[in-house]
Amino acid sequence: MEIRNLMEDAVKAVVDELFELEAKDQRLGYCLCDQCRLDVACYVLNRIKPEYIVSSRGLAYSEKEGLDKVQRRADVISLVKEGWAKVTHAPRATADHGASGGKPESLDGPSFNFPTIMGRAFDGRTFAPIVEGSVRLLESGSEVGMVDKNWQNPFVLASGTAGTYIFWPKPVRAGRAGERRNWTFEIRVEAPGFDPASHFIELGCESESAARRDFSLQHVHKIPDLYLFPEGQGEEDE
Ligand SMILES: [Zn+2]
């Protein structure tokens, strides 16, 4: 059983929609980078009432159901604009707010497209976010290449990110569309004064006819929260 917030999909859809519109005419003059897109979605989600469902039942709901009322959609749109103006004008120091979306230049043919991989790291004693440290995405011990230079691996945790990290692995060439392959990735969090924490994920991927270039909040793979404990106090089974 899994608990999901219906508003999450609904808000992501509205944010994606508005970013795509803005990308066409740049009417608002707001930043279109992927980091700002995530920041805007978080800004809105932190300001509206969540609607939780059990996800096995939730399959019967459509994404729109969370935004069934027109008024609600209007509220979300105005919150998106408010948040977007804020993040545009107070950009993170670490992101360079470069081109929007990934541009995997070297790939034109059939490709395995990865979701963005997102999670949070906390101090296991206080449940406070880890604000100093780094997170690496590894495959067989090596750092996985990112889609473009706006995406970092290792990802540096800083006070502005509230323990959140995110990766977007570069697409991998496939022989044809429709192939299936599995990847095993390791997420490794290291922070001063803490024992490192690792988490392994299996990602099944089906190749598509081209490399995906547009960042969308709809393609996010969420990692369960990771907890770090002070050095040498790992009382557990390892
Ligand atoms: Zn930006």
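Each value in this text was obtained by applying a stated rule to the coordinates, not by laboratory testing. Just so we're clear, the structure is a prediction, and the values are computed from it rather than from any experiment. Reconstructed Cβ throughout: ideal geometry from the backbone, glycine too, with neighbour counts over all protein chains shown.
With 10 Å bins beginning at zero, the pair-distance distribution over Cα atoms of the stretch 111-228 amounts to 14, 44, 30, 10, 2 %. Extending 7 Å from Cα along the Cβ direction at Lys222 and again at Ala23 yields two label points whose distance is 2.4 nm. Over all other residues within a Cβ to Cβ distance under 15 Å of Asn182, the charged ones net out to -3, with Lys and Arg as +1 and Asp and Glu as -1.
Placing a pseudo-label 7 Å from each Cα along the Cα-to-Cβ vector at Thr184 and Lys49 gives an inter-label distance of 4.6 nm.
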